[in-house]
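A.B. asks: Structure incoming, see below.
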Amino acid sequence: MENLLGVLGIGFLLGLKHALEPDHIIAVSTIAGKQKSLIHSSFLGVFWGIGHSLTLLGVFLILALTKGSIPQKWGMAFEMGVGVMLIYLGILSFLTLKKKNRRKESKENKQLFLKSMFIGQIHGLAGSAAMTLLVVSAVDSIKSAILYIGIFGAGTILGMLVFTCVVSLPFVFSGKMERMDRILTGTASVISICYGIYYIYLMGYQEGLFI
């Protein structure tokens, strides 16, 4: 029992650390600036974490029930999907600079929350192969594995909650300073596009997906 609690504690800390990986930070940064409320921005991080955790749990259950595994090429392809998504998010965010009306309607806020959850699901799919191996090596039963993923997910959600709060501060404080707001949004867009291109190169050539 003590050993399991120790493993779960490590899982929670790993979840916190996992939330702060560069591709996660960059992806959420492209949408965090669309909110002028710290509370709403924080919920973007929560929904990202929920989507990420649900995908990890779903993939693990499928693999556990079928006793299968994710082929290495598939895992790299999923990772490359993150690069493509980062480029898409960067371009989309950049295009909004031309029509920068703030989203105040609850319907549009809901769409952002769902978009954040979808982004989290893409990241969850990309990390599912490594996560499955980690869970299998850490625990010895499906019940414990599900609990581990849940605790890991809680750490991820908390990490993203705190991070989106922090990254949203410049956008919130920019307030009516439209020029500053555009600079921040443009910077996040360029970083997302550049990192997405780098990520595709990393997966495609250094990791060998295209070779």
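A.B. asks: So the check is Cβ under 7 Å with 6+ separation or different chains; which pairs have a first residue in segment 82-95 that's in contact (Cβ under 8 Å) with a residue 60 or more places away in the chain and a second one that's acidic (Asp, Glu)?
C.D. replies: So the pair list comes out as VAL82/ASP23; LEU86/ASP23.
A.B. asks: Ok, one more. Any chance segment 29-42 includes a residue that's assigned to a loop (DSSP other than H, G, I, E, B), over 15 Å from VAL135 (Cα atoms) and at pLDDT 85 or above? Full working, then the answer.
C.D. replies: Keep residues of segment 29-42 that are assigned to a loop (DSSP other than H, G, I, E, B), which gives 33-37.
After this cut, where a residue has to be over 15 Å from VAL135 (Cα atoms) as well, the list is 33-37.
Still in the list and also at pLDDT 85 or above: none.
No, that holds for no residue.
A.B. asks: Being more than 12 Å from ILE151 (Cα to Cα) and either at pLDDT 80 or above or surrounded by 20 or more Cβ atoms within 10 Å (Cβ to Cβ) (or both) is the filter here, so list the residues in segment 1-28 that pass it.
C.D. replies: LYS17, HIS18, ALA19, LEU20, GLU21, PRO22, ASP23, HIS24, ILE25, ILE26, ALA27, VAL28
A.B. asks: Take residues that are in contact with a Gly (Cβ under 6 Å, 6 or more places away or on another chain), farther than 30 Å from LEU8 by Cβ and of a type in the set (S, T, N, Q) and tell me which of the helices (runs of 4 or more DSSP H) falling wholly in segment 127-211 contain 1 or more. Steps first, answer last, please.
C.D. replies: On the way: elements: 128-138, 142-174, 178-201.
Filter on segment 127-211 gives 178-201.
A.B. asks: Let me ask something else about it. Got at least one residue in segment 62-70 being surrounded by fewer than 21 Cβ atoms within 10 Å (Cβ to Cβ), of a type in the set (A, V, I, L, M) and in a loop (DSSP other than H, G, I, E, B)?
C.D. replies: First, the residues of segment 62-70 that are surrounded by fewer than 21 Cβ atoms within 10 Å (Cβ to Cβ): 62-70.
From what is left, the residues that are of a type in the set (A, V, I, L, M) are 62-65, 70.
Now narrow it down to the ones that are in a loop (DSSP other than H, G, I, E, B): 70.
Yes, the conditions are met somewhere in segment 62-70.
A.B. asks: I've got another one for you. Taking the condition under 30 Å from THR96 (Cα atoms), in contact (Cβ under 8 Å) with a residue 40 or more places away in the chain and in contact with a Ser or Thr (Cβ under 8 Å, 6 or more places away or on another chain), does SER53 pass?
C.D. replies: On the way: under 30 Å from THR96 (Cα atoms): yes; in contact (Cβ under 8 Å) with a residue 40 or more places away in the chain: yes; in contact with a Ser or Thr (Cβ under 8 Å, 6 or more places away or on another chain): yes.
In short, yes.
The values are calculated or read from the model by the stated rules, or taken from the named source; none is laboratory data. Since the model is a prediction, treat every value here as computed from it, not as a measurement. All Cβ positions, even for glycine, are placed from backbone atoms using ideal geometry, and neighbour counts span all protein chains on display.
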